[in-house]
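Asks: Right, I'll just put the structure down here and ask away after.
The values are calculated or read from the model by the stated rules, or taken from the named source; none is laboratory data. This is a predicted model, so every value here is computed, not measured. With ideal geometry, Cβ positions are generated from the backbone for all residues, glycine too; neighbour counts draw on all protein chains shown. We work out accessible area using only protein heavy atoms, side chains counted, and drop any ligands, DNA or RNA first. Shrake-Rupley method; radii C 1.70, N 1.55, O 1.52, S 1.80 Å.
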Amino acid sequence: MIMKSVGVKISGAPAQTGPQRALIAASFVSRVGNGLFNTAAVLYFTLVVHLPAAQVGLGLTIAGLVGLLAGIPAGNLADRYGPRTVWLAALAMQAVTMASFVLIHSWLTFTLIATLDRLAATAGGAAGGALIARTGGERPAAFRAKLRTFVNLGVVLGTLGAAFAVSVNSRPAYTALILANAASFACAGLIALIGIPDYRPLPRPKEHHRWAVLSDRPYVCFTALYGAMGLQYQTVSLLLPIWLSAHTDAPRWTVAAVYAVNSGVCVLLQSRIGSRVETPRQGGRAFRVAGLLFLVSCPLMALTADVPTWIAPALAVLAVCVHSLGEVWESSGGFALGFGLAPDHAQGQYQGFFGLGFNAGQALAPVVLTTAVLGLGHAGWLLLGVFFAALGAAGPPVAAWAERTRRPIHDTTGTAPARPGEAPLPDTVQG
């Protein structure tokens with residue numbers, strides 16, 4: 001396997017290849033569907049299916065926790081049989097489970113279908129990560145940044161489309177959203193089938209095993225850091241809206257403005273910033289920058305409760321602008337380390353584990369944020385900012401530690417190990 005050079009910066013915009021364009025298109029289409037459904041899902045289950053909100057929350061929690069189990073096994077399948085095959089199977093399963101939501105009438109069937117959907121989504125995330133690694137080309141950071149830009153844009157457009165169904169608030173309107181989301185998975189699969197090559201598995205060293213990622217301590221450590229830093233996503237989507245409604249007199253449209261600004265900043269800046277974060281070392285520094293920006297944004301969000309009503313919306317927007325900039329740096333650092341530290345032959349396994357860590361953090365986020373931060377008020381917001389800054393400060397040393405474990409160490413045989421779990425490389429191989 002060829003080692004990737006570290007610290008080389010290539011100028012100029014990368015040309016998109018056919019597989020890259022196909023993967024961007026497929027991801028965009030599926031995320032439009034996600035935006036359509038996620039915006040109105042809880043309303044559909046509670047107002048149309050008439051499930052109690054507590055039961056909906058319990059069912060989604062069960063589904064989310066069980067879904068975590070699919071990450072590493074699906075990643076191993078992607079490494080063994082090819083990432084496109086597993087990704088297509090996951091998209092097909094999600095199309096079926098999503099369409100099945102229009103047929104549910106009880107909590108048990110709802111929980112069962114939601115669990116199958118989460119298992120498929122987790123498997124798709126692991127295989128999709130491996131597919132991103134294989135289609136990355138000469139400038140993978142620029143490609144990943146552009147991909148995330150279109151993913152964010154897809155969610156925004158889907159969310160806007162869902163506003164119509166929410167305003168109509170009828171079973172046919174919600175059913176149309178659900179079936180549109182199911183169709184988006186099918187369309188994404190068709191695009192991938194036509195436009196993305198069926199990449200064959202890469203040769204694996206004899207030392208490789210299906211749980212190799214768990215013995216890669218720097219990667220496990222960074223996955224934990226990234227999962228904990230993932231609380232920042234729900235800081236904007238969950239915590240700030242509750243804070244604005246319960247502790248300020250800001251008009252209701254402020255929440256919508258917050259969502260719009262967050263999405264807009266990420267769409268506009270992801271490619272510009274993300275394309276410059278290519279190596280693990282740059283990823284560690286990006287993580288640190290993100291933590292410092294969150295340290296500024298969290299107290300600003302808290303201060304919205306202490307200013308006049310007419311200032312609160314402007315201050316909330318300012319805080320979200322700073323926070324969204326931090327989100328762009330955080331995601332860029334996550335991409336650089338999450339992909340850059342994984343051995344090429346085991347990207348599926350590593351991305352499955354990486355997704356498991358992130359999803360576990362998202363599952364815990366509502367409890368942590370609403371209990372600890374809201375319970376402590378202003379002090380909670382300040383502690384949250386300090387927490388993010390501390391996580392960010394750990395980024396550079398973790399990246400340096402990981403690079404040391406992957407740096408070629410020449411011995412008397414003239415060989416050098418590339419990455420944990422990989423066969424030794426001749427010292428003449430260069431990236």
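Asks: Could you list, in sequence order, the residues of segment 283-305 that are part of a helix (DSSP H, G or I) and of a type in the set (S, T, N, Q)?
Replies: Residue satisfying the conditions is Ser297 alone.
Asks: Quick check on this structure: which one of Ile10, Ile2, Ile72 is within 17 Å of the chain's Cα centre (by Cα) and at pLDDT below 85?
Replies: Among Ile10, Ile2, Ile72, only Ile72 is within 17 Å of the chain's Cα centre (by Cα) and at pLDDT below 85.
Asks: On the given criteria, is Val277 modelled with pLDDT under 90, surrounded by 16 or more Cβ atoms within 10 Å (Cβ to Cβ) and in contact with a Leu (Cβ under 7 Å, 6 or more places away or on another chain)?
Replies: It is false that Val277 is modelled with pLDDT under 90, surrounded by 16 or more Cβ atoms within 10 Å (Cβ to Cβ) and in contact with a Leu (Cβ under 7 Å, 6 or more places away or on another chain).
Rundown of residues vs (1) under 19 Å from Gly395 (Cα atoms); (2) among the hydroxyl-bearing types (Ser, Thr, Tyr); (3) more than 18 Å from the chain's Cα centre (by Cα), yes/no style:
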{"residue": "Leu269", "(1), (2), (3)": "no, no, no"}
{"residue": "Val277", "(1), (2), (3)": "yes, no, no"}
{"residue": "Phe287", "(1), (2), (3)": "yes, no, no"}
{"residue": "Pro299", "(1), (2), (3)": "no, no, yes"}
{"residue": "Val307", "(1), (2), (3)": "no, no, yes"}
{"residue": "Ala314", "(1), (2), (3)": "no, no, yes"}
{"residue": "Leu318", "(1), (2), (3)": "no, no, yes"}
{"residue": "Cys321", "(1), (2), (3)": "no, no, yes"}
{"residue": "Ser331", "(1), (2), (3)": "yes, yes, no"}
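Asks: Here are some residues: Val155, Val236. Which one is aliphatic (A, V, I, L, M), under 25 Å from Ala114 (Cβ atoms), open to solvent by less than 20 Å² (accessible area, probe 1.4 Å) and out of contact with any Pro (no Cβ under 9 Å at 6 or more places or on another chain)?
Replies: Val236 is the lone residue from the list that is aliphatic (A, V, I, L, M), under 25 Å from Ala114 (Cβ atoms), open to solvent by less than 20 Å² (accessible area, probe 1.4 Å) and out of contact with any Pro (no Cβ under 9 Å at 6 or more places or on another chain).
Asks: Out of the residues in segment 307-317 that are surrounded by fewer than 17 Cβ atoms within 10 Å (Cβ to Cβ) and without any contact (Cβ under 8 Å) to a residue 60 or more places away in the chain, state the one that is nearest to Val267 (Cα to Cα).
Replies: Restricting to residues being surrounded by fewer than 17 Cβ atoms within 10 Å (Cβ to Cβ) and without any contact (Cβ under 8 Å) to a residue 60 or more places away in the chain, the top hit is Ala314.
Asks: Going through segment 18-44 one residue at a time, which ones are of a type in the set (Ser, Thr, Tyr) and at pLDDT 75 or above?
Replies: Within segment 18-44, Ser27, Ser30, Tyr44 qualify.
Asks: Right, another one. Scanning segment 211-233 for residues that are open to solvent by 10 Å² or more (accessible area, probe 1.4 Å) and under 15 Å from the mean Cα position of the chain (by Cα), which turns out farthest from Met301 (Cα to Cα)?
Replies: Of everything passing the filter in segment 211-233, Ala224 is farthest from Met301 (Cα to Cα).
Asks: Considering each of Leu293, Leu325, Leu300, Leu268 in turn, give the residue that is open to solvent by 40 Å² or more (accessible area, probe 1.4 Å) and modelled with pLDDT of 90 or more.
Replies: Criteria check complete, one pass: Leu325.
Asks: If Asp411 passes every condition in (1) charged (D, E, K, R); (2) modelled with pLDDT under 85; (3) within 27 Å of the chain's Cα centre (by Cα) but one, which one does it miss?
Replies: With respect to (1) charged (D, E, K, R); (2) modelled with pLDDT under 85; (3) within 27 Å of the chain's Cα centre (by Cα), Asp411 is out only on (3).
Asks: Whether any residue in segment 360-377 is under 18 Å from Gly284 (Cα atoms), modelled with pLDDT of 85 or more and assigned to a helix (DSSP H, G or I) is what I want to check.
Replies: The answer is no, given that none of the residues of segment 360-377 is under 18 Å from Gly284 (Cα atoms), modelled with pLDDT of 85 or more and assigned to a helix (DSSP H, G or I).
Asks: As an exercise: evaluate Leu190 against (1) surrounded by fewer than 21 Cβ atoms within 10 Å (Cβ to Cβ); (2) modelled with pLDDT under 85 and give the number of the one condition it does not meet.
Replies: Tallying (1) surrounded by fewer than 21 Cβ atoms within 10 Å (Cβ to Cβ); (2) modelled with pLDDT under 85, Leu190 fails exactly one: (2).
Asks: Which condition breaks for Ser215 when tested against (1) in contact with a helix residue (DSSP H, G or I) (Cβ under 6 Å, 6 or more places away or on another chain); (2) farther than 17 Å from Leu36 by Cα?
Replies: (1)
Asks: Also, I was wondering about something else. Could you give every pair whose Cβ atoms fall below 6 Å, whose first residue belongs to segment 269-293 and is closer than 19 Å to Ala400 by Cα, and whose second residue is among the hydrophobic types (A, V, I, L, M, F, W, C) and outside any helix (DSSP H, G or I), counting only separations of at least 6 or pairs across chains?
Replies: Thr279/Val6; Pro280/Leu341; Gly283/Val277; Ala286/Val277
Asks: Condition first: in a helix (DSSP H, G or I) and open to solvent by less than 10 Å² (accessible area, probe 1.4 Å). Now tell me which residues in segment 328-346 satisfy that.
Replies: Of everything in segment 328-346, those that are in a helix (DSSP H, G or I) and open to solvent by less than 10 Å² (accessible area, probe 1.4 Å) turn out to be Val328, Glu330, Ser331, Ser332, Gly333, Gly334, Ala336, Leu337, Gly338, His345, Ala346.
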